[in-house]
Amino acid sequence: MPRLIVSIDGVVVKEVLLNKSRITLGRRPHNDLVLDQLAVSGEHAVIVSEEGKVTLEDLGSTNGTYVNGDPIVRRVLVGGDEIDIGKCRLQYLDETASSDLGFTAGRLAPRVKVLSGTAAGRELLLTKTLTTIGKPGVSVASITRRTYGFELAQLDGAEVPSVNGVTLDGGPIILKNNDVISVGGVRLEFVDP
């Protein structure tokens, strides 16, 4: 079944199944998917599922609706599409179809899952070329997207980050799926499905 993975500032906040023929998106509480952000209009957009197609339509919003960085008025969605509405990013997934990006549409973006601390259970999507993690003044590391994968390197702090118990004393480490990162007293799991 098609679904949306909703994230704000790179942190996954919810997953929404597109199990109705019409789903409204907006800031007001009567919407099917409430996006409580000031840059989101009261009735911002609608997703319509009919005849095997899922279509996103902007409802004349103030700040617009974007798919893969392009402003849209109406667009048929393809698995893997990224929708930006205000500060909210919605990744459209459809396990029943293949995306134009050359991977199974149900595949999520690479991410890190927080395993400990106050943010335990949250996920941070690795959609940027460089993502920083850690605690300033204690230990800060970067996860950089390279052509050969994702690389973890120490940026700042006296405490040296580690991967699966091996510290970064010898320089950056290439991350593998399910590696456990320790940085600034927090444990995270790297997931690259």
*asked:* Just to be sure I understand, how many residues within the stretch 118-141 are in a loop (DSSP other than H, G, I, E, B), closer than 21 Å to V6 by Cα and of a type in the set (V, I, T)?
replied: 3
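Tell me the residue from A141, A153 that is free of Cβ contacts under 8 Å to residues at least 24 places away in the same chain, open to solvent by less than 40 Å² (accessible area, probe 1.4 Å) and in contact with a strand residue (DSSP E or B) (Cβ under 8 Å, 6 or more places away or on another chain), please.
Values: A141 fails: free of Cβ contacts under 8 Å to residues at least 24 places away in the same chain.
Going through A141, A153 in turn, just one is free of Cβ contacts under 8 Å to residues at least 24 places away in the same chain, open to solvent by less than 40 Å² (accessible area, probe 1.4 Å) and in contact with a strand residue (DSSP E or B) (Cβ under 8 Å, 6 or more places away or on another chain): A153.
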*asked:* List the residue pairs whose Cβ atoms are under 9 Å apart, where the first residue sits in the stretch 8-19 and is without any contact (Cβ under 8 Å) to a residue 60 or more places away in the chain, the second is loosely packed, with under 14 Cβ neighbours inside 10 Å, and the two are 6 or more positions apart or on different chains.
replied: L17/M1; L18/M1; N19/M1
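Only residues that are surrounded by 13 or more Cβ atoms within 10 Å (Cβ to Cβ) and touching a strand residue (DSSP E or B) at 6+ places or on another chain (Cβ under 7 Å): list them for the stretch 117-138, please. Reasoning before the result, please.
Going through the stretch 117-138, the residues surrounded by 13 or more Cβ atoms within 10 Å (Cβ to Cβ) turn out to be 117, 119, 122-127, 131-135, 138.
Residues satisfying the conditions are G117, R122, E123, L124, L125, L126, T131, T132, I133, G134.
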*Output the number of the condition that L25 fails; it satisfies all remaining conditions of (1) of a type outside the set (G, A, S); (2) assigned to a strand (DSSP E or B); (3) open to solvent by 40 Å² or more (accessible area, probe 1.4 Å).*
(3)
*The one condition in (1) in a strand (DSSP E or B); (2) farther than 21 Å from V12 by Cβ that E159 fails to fulfil*: (1)
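The values are calculated or read from the model by the stated rules, or taken from the named source; none is laboratory data. Being a predicted model, the structure only gives us computed values, none of them experimental. Here Cβ is always computed from backbone atoms with ideal geometry, including for glycine, and neighbour counts include all displayed protein chains. Keep in mind that these areas ignore ligands, DNA and RNA; they rest on the heavy atoms of the full protein, side chains included. Shrake-Rupley method; radii C 1.70, N 1.55, O 1.52, S 1.80 Å.
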